[in-house]
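The values are calculated or read from the model by the stated rules, or taken from the named source; none is laboratory data. Please read all numbers here as calculations on a predicted model, not as lab measurements. Here the Cβ positions follow ideal geometry from the backbone for every residue, glycine too, while neighbour counts run over all protein chains shown. Side chains are part of the model used for accessible areas, which takes the heavy atoms of the whole protein and leaves out ligands, DNA and RNA. Shrake-Rupley method; radii C 1.70, N 1.55, O 1.52, S 1.80 Å.
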Amino acid sequence: TSTSTSTPSNSVIFIVGGATTRFNPSAAVYSYDPTNNTYTTRTSLPQTVQDAPLVLDSDRRLNLLGGGVGTDAYSALVYKYDITSNAWSIGTPLLAARAQHTAVCRAD
């Protein structure tokens with residue numbers, strides 16, 4: 001299985017999408033607090049996604065970029081997660097659908 005993680009402030013780790021079995025993408029989202037050793041269920045992705053990078057932007061939103069959405073199906077959608085409001089929105093799509101790629105957010 002594959003998952004995407006990011007570590008924003010306060011050492012909370014987010015587990016977003018991934019796959020529960022081969023070719024079975026997930027929309028589940030969880031946060032993990034290592035200090036308290038607890039998981040919290042968050043608002044699910046609008047659709048199932050696997051093999052997609054997740055980056056934290058300068059506005060402190062998690063950005064899920066494209067990914068696999070089924071057997072041999074890729075997405076160009078960008079989902080933005082607001083940590084404070086626990087809500088997803090759609091961002092500007094990628095130029096082309098893709099999965100199994102990498103991304104990094106660079107500070108200016």
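Go through (1) in contact (Cβ under 8 Å) with a residue 60 or more places away in the chain; (2) touching a strand residue (DSSP E or B) at 6+ places or on another chain (Cβ under 6 Å); (3) of a type in the set (A, V, I, L, M, F, W, C) and name the single condition residue 83 misses. Residue 83 satisfies every listed condition except (2).
Taken over segment 49-69, the criterion of being touching a residue at least 24 places away in the same chain (Cβ under 8 Å), farther than 17 Å from residue 100 by Cα and surrounded by 17 or more Cβ atoms within 10 Å (Cβ to Cβ) is satisfied by 56, 62.
For residues in segment 33-43 being over 12 Å from the mean Cα position of the chain (by Cα) and part of a loop (DSSP other than H, G, I, E, B), which is surrounded by the most Cβ atoms within 10 Å (Cβ to Cβ)?
Here is the first cut: in segment 33-43, the ones over 12 Å from the mean Cα position of the chain (by Cα) are 33-41.
If we keep only those that are part of a loop (DSSP other than H, G, I, E, B) too, we end up with 34-37.
Working: 34: 10, 35: 8, 36: 8, 37: 7.
So, considering only residues that are over 12 Å from the mean Cα position of the chain (by Cα) and part of a loop (DSSP other than H, G, I, E, B), the one surrounded by the most Cβ atoms within 10 Å (Cβ to Cβ) is 34.
Restricting segment 70-89 to residues that are at pLDDT below 95 and loosely packed, with under 13 Cβ neighbours inside 10 Å, the residue that is nearest to the chain's Cα centre (by Cα) is 84. In this structure, is residue 46 in contact (Cβ under 8 Å) with a residue 40 or more places away in the chain, at negative phi and open to solvent by 70 Å² or more (accessible area, probe 1.4 Å)? For residue 46, the condition - in contact (Cβ under 8 Å) with a residue 40 or more places away in the chain, at negative phi and open to solvent by 70 Å² or more (accessible area, probe 1.4 Å) - is met. Residues in segment 1-31 that are modelled with pLDDT of 90 or more and over 27 Å from residue 70 (Cβ atoms): 12 only. Do you know which residues across segment 90-108 are under 28 Å from residue 41 (Cβ atoms) and open to solvent by less than 60 Å² (accessible area, probe 1.4 Å)? Passing the criteria: 91, 94, 99, 101, 103.
Does segment 65-74 include one or more residues that are part of a loop (DSSP other than H, G, I, E, B) and under 22 Å from residue 30 (Cβ atoms)? Don't jump to the end; show me each part of the working.
The first filter runs over segment 65-74 and keeps only residues part of a loop (DSSP other than H, G, I, E, B), leaving 71-72.
Now drop any that are not under 22 Å from residue 30 (Cβ atoms), which leaves none.
Checked segment 65-74: no residue is part of a loop (DSSP other than H, G, I, E, B) and under 22 Å from residue 30 (Cβ atoms).
Of note, residue 22 satisfies the criterion of being open to solvent by 60 Å² or more (accessible area, probe 1.4 Å), free of Cβ contacts under 8 Å to residues at least 40 places away in the same chain and not hydroxyl-bearing (Ser, Thr, Tyr).
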